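Have a look at the structure below, then the notes.
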Amino acid sequence: MQQSSKLDLGSITIHWLQGGYNQLDGGAMFGAVPKILWSKKCPPDAENYLSYRNDPLLIQTDRANIVIDTGLGNKLTEKQQKIYRVSQAWDVPTSLSLHGLRREDIDYVIFTHGDFDHAGGVALRNDSGELELTFPKARHIMQRSEWEDICEPNIRAAHTYFPLNFQTLAESGLLELVEGDADIVTGVRVRHSGGHTRGHQIVELTGSRGCAVHLGDLLPTHNHSNPLWVMSYDNFPLDVVAKRTEFFEEYKGKNSWFTFYHDFDLRACILDEKNGVLEELR
Ligand SMILES: [Zn+2]
């Protein structure tokens, strides 16, 4: 288990949980950007792959324990693990215990969106081989439009929304759909963004001594800080460019941290005027 990174915003603290590592094709991660440009920032391996984390954020306020996204989960088949090149297993329960928490202690799960690398850990396969909700007491927050697309995916999304992740949740009565912007608890707010998926949302965190924003897959790593560097996986790339630009302007103006789920090197950073890394948390 790696050493725990922590971002302290006063009344809110952020830690990262073990959601599993995998590898993805470098070209797909940078869309139309020529390899000669992106590979200077992050050199790929001999087969053109780059390594990524899928680490949920644990947000603690004086009122609630919140998890943003849920990692790869423990339900991927051996074939899927091979395809997605999973190199570190999901173990959210153990990493929660390092913070003195049990799965039952999580009050909210916020989904940025429903892709399998973000929703894979919503339900786990227990020792008897049955599915159970990973956070059995949590209210699970998602945009209504995202849930609609999960229930009726288009031909492309059908490959990234896995029904197995949502059956248990749908039956639990713990799914709460929001539309647009919504306050979850004091200092924690979700905002609809679209872009990566139609119902993608971001999470704004305002503590007593600083603020952070989690842009989800609108900003998968610090190497995507050029607003034009969008992924092949983005469903609405022009919306990603527009929203990333808009959110950069707004949150840089607040001296906000930008937190990451997929970044293999940085947990969070503050961006300078030219969107370079001014300050970093590893
Ligand atoms: Zn993702």
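Each of Phe236, Phe166, Phe30 was scored by other Cβ atoms within 10 Å of its Cβ. Arranged with the fewest first, they read Phe236, Phe166, Phe30. Think of it as helices only: each DSSP H run of n ≥ 4 in the chain is worth -39500 (n - 2.57), and spread over all residues that comes to -5500 deg cm²/dmol at 222 nm. Which whole-Hz ³J(HN,Hα) couplings does the stretch 67-80 yield from phi under the Karplus relation 6.51 cos²θ - 1.76 cosθ + 1.60, θ = phi - 60°, glycine and proline marked x? So the Karplus estimates, Gly and Pro as x, are 10, 9, 6, 10, x, 6, x, 10, 10, 5, 6, 4, 5, 5 Hz.
What percent does the relative contact order of the chain come to when contacts are Cα pairs within less than 8 Å and at least six residues apart? It would help to have the intermediate numbers written out before the result.
On the way: 600 pairs, mean separation 51.0, N = 282.
After rounding, I find 18 percent.
A cut-off of 5 Å between modelled amide H atoms, ignoring neighbours fewer than 5 places along the same chain, links Val178 with Met142, Gln143, Arg144.
What list do you get for His214, His200, His222 if you sort them by fewest beta carbons within 10 Å? Mind showing how you got there, number by number?
Numbers: His214 25, His200 29, His222 20.
By the 10 Å Cβ count, ascending: His222, His214, His200.
So if I take the alpha carbon set of the stretch 25-144, get Rg, then get Rh from the Kirkwood formula, what is the Rg over Rh ratio? Mind showing how you got there, number by number?
Numbers: Rg = 16.7 Å, Rh = 16.1 Å.
Taking Rg over the Kirkwood Rh, I get 1.04.
Can you give the FRET efficiency to the nearest 0.05 for Gln81 and Glu47, using r as the Cβ-Cβ distance and R₀ = 25 Å? Walk me through the numbers before you get to the answer.
Values: r = 17 Å, r/R0 = 0.66.
Result of the calculation: an efficiency of 0.90.
Under 5 Å from the amide H of Gly207 lie the amide H atoms of Ala212, each residue being 5 or more positions distant or on a separate chain, with H modelled from the backbone and absent for Pro and chain starts. On the principal axes of its alpha-carbon atoms, the chain has extents of 49, 45, 37 Å, going from largest to smallest.
Gain in length, Glu132 to Ala89, computed as 0.36 nm per residue apart minus the alpha-carbon separation, to one decimal in nm? List each step's numbers first, then the result.
Working: separation 43, 0.36 × 43 = 15.48 nm, distance 1.82 nm.
Full-extension gain reported as 13.7 nm.
Scalar couplings 3J(HN,Hα) for the stretch 87-103, obtained by applying the Karplus form with A = 6.51, B = -1.76, C = 1.60 to θ = phi - 60°, are 10, 9, 6, 5, 8, 4, x, 5, 5, 5, 5, 5, 9, x, 10, 9, 4 Hz; x denotes Gly and Pro. Magnitude of the charge dipole for the chain, about its Cα centre and with charges confined to Cβ atoms of Lys, Arg (+1) and Asp, Glu (-1), is about 480 debye.
With θ taken as phi - 60° and the Karplus curve 6.51 cos²θ - 1.76 cosθ + 1.60 applied, the whole-hertz 3J(HN,Hα) list for the stretch 34-45 is x, 4, 4, 8, 5, 6, 5, 7, 9, x, x, 7 Hz, x standing for glycine and proline.
Within the chain, the longest run free of exposed loop sites, counting GluC sites (Glu not before Pro) that sit outside DSSP helix and strand states (H, G, I, E, B) and have at most 14 other Cβ atoms within 10 Å, spans 180-272.
Between the stretch 136-195 and the stretch 250-282, how many Å separate their Cα centres? Going from one Cα centre to the other spans 26 Å.
If the chain linking Leu238 and Asp272 were pulled fully straight, counting 0.36 nm for each residue of separation and taking away their Cα-Cα distance, it would gain 9.9 nm.
We did not get these values from a lab; they are worked out from the coordinates using the rules stated. Quick caveat, the model's predicted, so the values are computed rather than measured. Neighbour counts are summed over all protein chains in view; Cβ atoms, including those assigned to glycine, are modelled from backbone coordinates with ideal geometry.
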